[in-house]
Each structure stands twice: as C-alpha cells, then as structure tokens.
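*Asks:* Got a structure for you, written out below as structure tokens; questions coming shortly.
Each value in this text was obtained by applying a stated rule to the coordinates, not by laboratory testing. Please read all numbers here as calculations on a predicted model, not as lab measurements. In this analysis, Cβ positions are derived from the backbone assuming ideal geometry, glycine residues included, and neighbour counts consider all displayed protein chains.
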Amino acid sequence: MDYVMTADSSATSDNIVRQMQEGLVSVVPDATEDRADIKMTAESVSVFYGDEQALDDISIDIHSKQITALIGPSGCGKSTFLRCLNRMNDVIDGCRVTGRISLEGQDIYDSVVDVVSLRSQVGMVFQKPNPFPKSIFENVAYGPKIHGLAETPDEIEEIAVRSLKSAGLFEEVKDRLHAPATGLSGGQQQRLCIARAISITPEVLLMDEPCSALDPIATARIEDLMWELKESITIIIVTHSMQQASRVSQQTGFFHLGVMAEVGTTEQIFQNPVDTRTREYITGRFG
C-alpha cells in the first residue's frame with residue numbers, strides 16, 4: 001500500500017520534516033490506490049461505553065488474504081476495535097459505535113444486516129481457548145450443523161475432518177475424535193477453536209491474542225497455521241508481541257490511547273515509523 005502524509009498546506013518543507021519527527025503528520029492511504037483488494041474498511045470509527053470514549057476516529061483498510069496485526073500497549077483499544085469488526089460489542093450494555101465499518105462495501109452496522117450471518121462471515125478466535133464441553137468432533141461439527149452447511153452425517157464428517165486438517169490437528173486427534181475436547185493441551189485446544197472457526201468457511205478471521213497463553217512451540221504452530229490460512233482467509237490479529245506482529249503480518253496498525261497513531265506495511269512500521277509514538281513503542285521506550 002502506498003501512503004501520503006498530510007500536514008498544514010502552508011507549512012514549509014522544513015516544518016513538514018519537523019512535524020514528521022514530532023508525530024504531527026497524519027499517515028493515510030493514498031487515495032489513488034487500487035482498492036480491489038480491500039476486504040474490510042473502517043472509516044472514522046469511535047466507540048463509547050456510556051459517557052466514556054474508548055476509541056476515537058479509527059480508520060483503516062484491511063487487505064484481502066493478508067494478515068493485519070494490531071499492536072499497542074495494554075488498554076489502548078485494539079481489542080475493542082477488533083470486536084467492532086463482527087459486532088461482538090453489541091452484547092455489551094451501553095456500548096455505542098459510530099462511523100462506518102464495511103465488509104466488501106456493505107455497512108455491517110446497517111439495520112438490514114443479520115448479525116448471525118455476519119459472524120459466520122467474520123469468525124473469531126479468543127485469547128483463551130474456549131472449546132465447548134463436547135467431543136473434539138462435535139466442537140467442529142457444531143457450526144456446519146447450525147448454519148445448514150451440510151445435510152448428511154457424511155458431509156458433516158467431511159467438513160470436520162477437513163477443518164481439523166487445515167488447523168494442523170487431525171493427525172494428533174484422529175484416534176480420539178469423540179473424546180472430550182477439554183482433554184487436549186492448551187495449544188491443541190486453541191487449534192481446535194481455529195478449526196471450529198474455519199469450519200463455516202469465514203471470509204475474515206479475527207484473532208484476539210491467540211498465543212498469549214501458549215508456549216513457544218504451540219505459538220510457532222499457530223503462526224505457521226496463520227500463514228497457511230491467509231491463502232484463503234483474511235486475518236486480523238491483536239497481539240501484545242511485536243516480534244509476532246513482525247513475523248506474521250503484512251500490515252500493522254499501532255494503537256495508542258484509543259487512537260490509531262499509524263498504519264502501514266509491517267516493514268515500514270517496524271523499520272521506518274513516521275509517528276514519534278510508534279517509534280518510541282517499537283524501541284521499547286514505553287508500553
């Protein structure tokens with residue numbers, strides 16, 4: 001993605017350089033960019049919990065079949081924003097979302113949008129694995145059943161096995177598919193939750209710090225899995241790990257105190273950030 005910088009039109013070149021150094025220049029997508037690969041768009045999104053504002057004027061384009069990482073210190077609003085993308089904030093009393101979020105041009109907050117259908121298109125994997133108190137097989141088969149994606153037991157089994165294979169879990173559990181899912185390790189449970197999420201063929205997968213409770217080996221498996229899934233699914237991940245963001249993502253957005261301070265390619269954000277706040281966070285001066 002190409003970016004342009006906006007500043008006071010009367011500013012001299014020296015002043016613009018100073019504004020860049022002080023983080024006063026806005027970094028926004030170039031309006032001439034080809035938008036054919038944009039899967040989701042947030043435009044001037046703000047979130048309020050009662051009278052308290054949690055997010056202020058967030059705008060970002062999410063590219064199709066890429067991994068977008070959202071980084072920033074704890075409490076900066078990145079998970080709040082993630083939950084806006086499939087309307088999970090709807091279940092929170094007093095939460096109000098303004099602005100526009102669109103999925104392939106359709107405003108997901110429009111009154112005609114069915115939330116259940118939206119969440120089948122925009123799936124979610126949470127920070128802590130949350131398998132259903134059912135068998136491994138039933139965890140994955142549940143979604144296709146309730147969404148009517150299969151009509152026969154054989155079709156349901158085919159979807160479940162395919163999803164478990166896509167999540168890199170089938171070979172480990174094929175001999176105990178009807179055992180309780182709670183008997184799996186933490187890393188296996190998280191991959192089961194990913195298999196459950198992709199069993200209904202979402203277009204977008206939201207991942208809220210999916211590796212924070214996992215050991216390095218399990219984390220590496222999840223990251224490898226994300227790379228494989230992005231061939232067919234757009235992924236947006238919230239992560240507290242800058243190393244993870246730099247490893248897996250193609251685009252990164254940096255949140256700070258409820259605003260998106262900067263968004264760009266991951267290479268640009270980590271090697272040549274424009275905003276002073278981004279630079280200080282990346283270099284460990286705060287956060």
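*Asks:* Return an integer: the convex hull volume of the alpha-carbon atoms of the range 94-143, in Å³ per residue. Walk me through the numbers on the way to the answer.
*Replies:* Numbers: hull volume 6.9 nm³, N = 50.
So the per-residue Cα hull volume is 137 Å³.
*Asks:* Continuing with this model, one more query. Based on the mean of other beta carbon atoms within 10 Å per residue, what is the order of 138-150, 173-185, 223-235, most packed first? Please list the in-between numbers first.
*Replies:* Details: 138-150: 18.5, 173-185: 14.7, 223-235: 16.8.
Descending packing order for the listed peptides: 138-150, 223-235, 173-185.
*Asks:* Something else now. Rounded, prolate or oblate: pick one for the range 228-276, where a ≥ b ≥ c are the square roots of the eigenvalues of its C-alpha gyration tensor, a/c under 1.5 means rounded, and failing that, prolate if a/b is larger than b/c, else oblate.
*Replies:* Working: a/c = 2.03, a/b = 1.63, b/c = 1.24.
Because a/c hits 1.5 or more and a/b exceeds b/c, the range 228-276 counts as prolate.
*Asks:* Show me the three semi-axes of the equivalent ellipsoid for the range 74-192, from the C-alpha gyration tensor (sqrt of 5 times each eigenvalue), largest first, rounded to whole Å.
*Replies:* Details: eigenvalues 189, 70, 26 Å².
Whole-Å semi-axes of the equivalent ellipsoid: 31, 19, 11.
*Asks:* Taking 0.36 nm per residue of sequence separation and subtracting the Cα-Cα distance, how much length would be gained by fully extending the chain between ARG100 and SER185, in nm to one decimal? Each step should come with its number before you reach the end.
*Replies:* On the way: separation 85, 0.36 × 85 = 30.60 nm, distance 3.95 nm.
So the extension gain works out to 26.7 nm.
*Asks:* Determine how many Å³ per residue the convex hull of the Cα atoms of the range 165-287 encloses. Display every interim value, and only then the final one.
*Replies:* Working: hull volume 14.8 nm³, N = 123.
Spelled out: Cα convex hull of the range 165-287, divided by residues, is 121 Å³.
*Asks:* What Kirkwood hydrodynamic radius, in Å, does the chain give when the mean of 1/r is taken over all pairs of distinct Cα atoms and then inverted?
*Replies:* It is 20.0 Å.
*Asks:* Further question: Which residues' amide hydrogens lie under 5 Å from the amide hydrogen of ILE237, considering only partners 5 or more residues apart or on another chain, with H built in the peptide plane?
*Replies:* Those lying under 5 Å, H to H, from ILE237 are THR68, ALA69, LEU70, MET207.
*Asks:* At R0 = 30 Å, how high is the FRET efficiency between LYS134 and LYS65 if r is their beta carbon distance? Nearest 0.05 is fine.
*Replies:* On the way: r = 31 Å, r/R0 = 1.05.
E between LYS134 and LYS65, to the nearest 0.05, is 0.45.
*Asks:* If you don't mind, there's one more thing I want to ask. With a 10 Å radius around each residue's Cβ, average the other Cβ atoms per peptide and rank 192-201, 101-110, highest first. Could you put the intermediate results ahead of the total?
*Replies:* Numbers: 192-201: 23.7, 101-110: 15.2.
In decreasing order of mean packing, 192-201, 101-110 become 192-201, 101-110.
*Asks:* To continue, here is another question. Output the Kirkwood hydrodynamic radius of the range 56-119, Cα pairs only, in Å rounded to one decimal. Kindly include the intermediate steps, with their values, before the conclusion.
*Replies:* On the way: mean 1/r = 0.0760 Å⁻¹.
When all Cα pairs of the range 56-119 are included, the Kirkwood radius is 13.2 Å.
*Asks:* Between GLU157 and ILE92, what is 0.36 nm times their sequence separation minus the Cα-Cα distance? Round to one decimal in nm.
*Replies:* On the way: separation 65, 0.36 × 65 = 23.40 nm, distance 3.52 nm.
Net length gain for the segment: 19.9 nm.
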